[in-house]
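K.L.:
Got a structure for you, written out below as structure tokens; questions coming shortly.
The values are calculated or read from the model by the stated rules, or taken from the named source; none is laboratory data. This structure is a prediction, so every number in the text was calculated from the model and none was measured. For neighbour counting, all protein chains shown are included, and Cβ atoms are generated from backbone atoms with ideal geometry for every residue, glycine included. Each accessible area value is taken on the protein alone, full model and side chains, heavy atoms only, with ligands, DNA and RNA left out. Shrake-Rupley method; radii C 1.70, N 1.55, O 1.52, S 1.80 Å.
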Amino acid sequence: MNLERIQFLFWRLVKSLAVLLAVIVLNFGILRLAPGDPALVLAGEQGAADAAFVDQIRKDFGLDRSIPEQLGVYIRSLATLDLGLSFRERRPIWDIISERLPATLLLTLTAFILSLLIGIPLGALAARKPHGTLDVVLTTISTAFFAMPLFWTGLLAIILFSVWLNWLPSYGMVTVGAPLSGFAMLKDIIAHLTLPALTLALFYISIYLRITRAAVIDVMGSDYVRTARAIGLPAGRIWRQHILRNALLPVITFASLQAGHLIGGSIVIETVFAWPGIGRLAFDALLQRDYNLLLSVFFVSSVVVMAFNFLADILYVLVDPRIEAGAPTT
């Protein structure tokens, strides 16, 4: 990798950090302006709603300060990777998130890999003969899964595979109370993972299929592809080097954006399948007015999205040689 491309990636990293800072400030402002007083909620749950107790809670969690002061303290804490304490559980937030994050990463990364491995090849197959039988069947099925809400697809999967056929478990990450270890535990986790991961992946498979199909059809009509055919290059080489490589660029763009959508979609899937991830954690924190915990979930999710976007920039540089580096304004 030459110096210009390193400069290109450096400026992308600087932009990503600037965007992350903007997201942190925006999330903080929106949550602090939201209705509801977390101090009153905590005091009510503990059965002591007198003013002195509520004031003490506000002081303990820094809620008695002005919003700009709270924002400054929050950003300084993030700079040292200190997420603070959960209002409700009064435990370090890193401990809570570290307990839930592996489950979400397992679910979303499995769905992400499945959607890429299945969606891209099916899109390329559909594009080989546009409007042919295979193309019509694949695009019709993909449209159906794209149109179905995630929670509805999940409920149908539970009814079919858990209730009627009794093939797979319908909730949780492991069998509760089962003393499993080693391969037996791995098999149990895979069984619990299958339905939520497939439900989440089906939606994105349909999108990858359609994006890949459209990109391949567009590239197949390009001048350089017609030239490659005219000079007699082998069909396999044309597909690998001239069609698929260029058609993958919009797919990489969408894959980088999918990371954020997967975290958002996992909230629905984790709720339907009772999957113990940070999606459900964020939902519970919102209901309980646990602002510190909710902000931390947003922060971790934003970092994951920024990391995927930066990874996409690296892939762009590797896949597309036309990208000129050394352009800080790009």
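Residues are listed down the side, and each one gets a yes or a no for (1) among the hydroxyl-bearing types (Ser, Thr, Tyr); (2) open to solvent by less than 60 Å² (accessible area, probe 1.4 Å):
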| position | (1), (2) |
| --- | --- |
| LEU83 | no, yes |
| ARG88 | no, no |
| SER98 | yes, no |
| THR104 | yes, yes |
| THR110 | yes, yes |
| LEU116 | no, yes |
| GLY123 | no, yes |
| LYS129 | no, no |
| VAL136 | no, no |
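K.L.:
Additional query: Are there any pairs, at least 6 apart or on different chains, whose C-beta atoms fall under 6 Å, with the first in the range 293-321 and more than 17 Å from ASP95 (Cα to Cα) and assigned to a helix (DSSP H, G or I) and the second modelled with pLDDT of 75 or more and open to solvent by 50 Å² or more (accessible area, probe 1.4 Å), and if so, which?
P.N.:
As it stands, the answer is ASP313/ARG12, since those pairs meet every condition given.
K.L.:
Consider PHE145 carefully, then state whether it is among the aromatic types (Phe, Trp, Tyr), part of a helix (DSSP H, G or I) and surrounded by 16 or more Cβ atoms within 10 Å (Cβ to Cβ).
P.N.:
yes
K.L.:
Starting from the range 185-201, take each residue that is closer than 15 Å to LEU156 by Cβ and list its partners that are outside any helix (DSSP H, G or I) and open to solvent by 20 Å² or more (accessible area, probe 1.4 Å), counting only C-beta distances under 6 angstrom and pairs at least six apart or across chains.
P.N.:
That search, which allows pairs on different chains as well, returns THR194/LEU168; LEU195/LEU168.
K.L.:
Could you please let me know if PHE112 is modelled with pLDDT of 80 or more and closer than 30 Å to ALA255 by Cα?
P.N.:
yes
K.L.:
Here's a follow-up. Yes or no: VAL163 among the aliphatic types (A, V, I, L, M), at pLDDT 85 or above and out of contact with any helix residue (DSSP H, G or I) (no Cβ under 9 Å at 6 or more places or on another chain)?
P.N.:
yes
K.L.:
Could you list, in sequence order, the residues of the range 208-225 that are open to solvent by less than 30 Å² (accessible area, probe 1.4 Å), assigned to a helix (DSSP H, G or I) and closer than 13 Å to LEU244 by Cα?
P.N.:
Result: THR212, ALA215, VAL216, VAL219, VAL225.
K.L.:
If you take the residues of the range 202-240 that are without any contact (Cβ under 8 Å) to a residue 40 or more places away in the chain and β-branched (Val, Ile, Thr), which of them is nearest to LEU156 (Cα to Cα)?
P.N.:
Residue satisfying both the conditions and the ranking: VAL219.
K.L.:
Can you pull out every residue in the range 48-81 that is surrounded by 13 or more Cβ atoms within 10 Å (Cβ to Cβ) and acidic (Asp, Glu)?
P.N.:
ASP55, ASP60, ASP64
K.L.:
Tell me yes or no: at least one residue of the range 226-234 is surrounded by 15 or more Cβ atoms within 10 Å (Cβ to Cβ) and closer than 23 Å to PRO149 by Cα.
P.N.:
Scanning the range 226-234 turns up no residue that is surrounded by 15 or more Cβ atoms within 10 Å (Cβ to Cβ) and closer than 23 Å to PRO149 by Cα.
K.L.:
Could you list all residues from the range 168-197 that are in a helix (DSSP H, G or I), crowded, with 20+ Cβ neighbours inside 10 Å and among the aliphatic types (A, V, I, L, M)?
P.N.:
Across the range 168-197, the qualifying residues are LEU193, LEU195, ALA197.
K.L.:
If SER162 meets every condition in (1) more than 19 Å from LEU109 (Cβ to Cβ); (2) open to solvent by 40 Å² or more (accessible area, probe 1.4 Å); (3) part of a helix (DSSP H, G or I) apart from one, which number is that one?
P.N.:
(2)
K.L.:
Here's a follow-up. In the range 79-129, what residues are under 12 Å from ILE278 (Cα atoms) and in contact with a Ser or Thr (Cβ under 7 Å, 6 or more places away or on another chain)?
P.N.:
Once the filter is applied, which keeps residues that are under 12 Å from ILE278 (Cα atoms) and in contact with a Ser or Thr (Cβ under 7 Å, 6 or more places away or on another chain), the range 79-129 yields ILE93, ILE96, ILE97, THR104, LEU107, THR108.
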